[in-house]
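Throughout, read-outs are computed from the coordinates displayed, never taken from laboratory work. Not measured: the values here are computed from a predicted model. Ideal geometry is used to build each Cβ from the backbone, glycine not excepted, and the neighbour counts take in all protein chains shown.
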Amino acid sequence: MPIESLTDITGFLNAHDTHLNASFALVPSENQLSPLARIAYQSDAYARYFFNEKEVFGRWSFEGGSIAGKIQTELLVPGLCKIGGAKHVNLHGISGLTAMIVALTALSEESGVTVLSVPVEFGGHPDTGYVGAKLGCHMKPIPFSAFDQPDIDALHQECKRSRPKLIYIDHATHLFPLDLSKVISAIKDASPETTVHVDTSHVNGLIWGGVLDNPLDCGADSYGGSTHKTFPGPHKAVLFTNDDDLNMKIILTAVNMISHHHTASVISLAFAVHEWITCGGEDYARQIVLNAKAFAKALEERGLDIAQRDGQHTENHQVWMSAPGAWNAYDLASTMFRAGLVVNPFNPLPGFTEAAIRFGVAEPTKLGLKEADMSALADLVAAVSLEGEDPGKVADRTRELRSRFECAYCVPAAEVKSLRDKMLP
């Protein structure tokens, strides 16, 4: 199949869009990009660098992005600082992992220092230890007593003993938020000089929507992560701090390790922040959690095994389910994909002994689904996983349900089309 065949390229792309537009994506690390936010990728700005050299050096080397770059400096940065509750924001990250690399590099400062992070088996990001070790850091685990509860006494003792340079709280795979104020208070009491960074890739939208506490208000020195999970933006990342010195360390690291930070994605993020502020972002954040709770309850009512703590299933966008009967999570996920349900088999999930399904409801919520609609989604999941219904027949039902919804909490598509026609040649 040669790359020279244009019809092969467009054929695969059309097949993708046809399938996904008739499906529900229930992956916690993905979201829907609004029609307005997609405009940025059709602009000439997509091809331009914006290094903002004139501000630093007093002259331009790449002036092509200077006009579009004002969207970043004059509009997006103030907007992000507003919703992010911070004095400074850095936009260089082009993904959550690149933001992690920048944060670990900037905040650890040098090789050989001790850095603590969340163990993978307790919900930590699987790459944090790898990246930290590659940077020459001595990586150690934050002690946990349960999958969602750090051992505060053991953490205090460890900080007092090892005096870590950095504690990187990367609790990515979780159902219930950590008590950040309690955790950070213990760290700072034992080792006041330790820097605390919170990786909030999965929950930025919930923080900016006021559903979860802002880590800076809990005593963290910095926080941030990707902008395409519970925040419905492009694949990008941000880092926040109120500390002038830390901000400079992040800047100097980012400009040398990332360089070009993708102008079109910056502009797309500006559109997404505009819609967040003007089209009900806080309502969207609240609805995500309401939908997750309703979805978990509906799945459990249909006989599926859903993770819980003290009778509660979740306080964020994630819902975890064991693969029932003879299913393994990966085969079940592939069968569900054919039924129009895009899910995330994951291993390890804290508290599970084998791979399970990690659902996320941020994207269905972005399509306008509410609590009552979660029962219909649960019916589709049960039809495949419990009742053994043919995935092709389930796909017909999924397609019909999906056709009732379109991107919500955003500028309407018809208005975007009119705007696009005026903006782009």
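Here are a few things to note about the model shown:
- Exposure proxy shown here: for CYS407, CYS137, the number of other Cβ atoms within 10 Å sets the order, fewest to most, as CYS407, CYS137.
- Amide H contacts under 5 Å for GLY225, placed H, 5+ residues apart: THR200, VAL238
- Gyration tensor verdict on the range 201-240 (Cα atoms; rounded if a/c is under 1.5, prolate if a/b is larger than b/c, oblate otherwise): oblate
- Rounded if a/c under 1.5, otherwise prolate or oblate - the range 319-377, Cα gyration tensor axes: prolate
- Protection proxy ranking, peptides 251-264, 364-377, 324-337, average beta carbon neighbours within 10 Å, highest first: 364-377, 251-264, 324-337
- Rounded to two decimals, the Cα-based Rg/Rh of the chain, with Kirkwood Rh, is 0.98.
- Convex hull projection area averaged over all views, the range 62-143, Cα basis, nm²: 7.4
- DSSP-defined beta bridges in the chain - what % are antiparallel, rounded to 5: 55
- The distance from the alpha carbon centre of the range 328-387 to that of the range 21-56 is 26 Å, rounded to a whole number.
- Expressed per residue, the C-alpha convex hull volume of the range 110-244 stands at 107 Å³.
- Taking each DSSP H run with n ≥ 4 as -39500 (n - 2.57) and averaging over every residue of the chain yields -12500 deg cm²/dmol at 222 nm.
- Note on the range 28-76: the C-alpha convex hull projects to 4.7 nm² when averaged across all orientations.
- log10 of Debye I(q)/I(0), alpha-carbon scatterers only, for the range 35-278 at 0.13 Å⁻¹: -0.77
- Residues whose amide H comes within less than 5 Å of that of VAL342, counting only those at least five positions distant or on another chain, are PHE24, ALA25, LEU26 (H built at 1.01 Å from N in the peptide plane).
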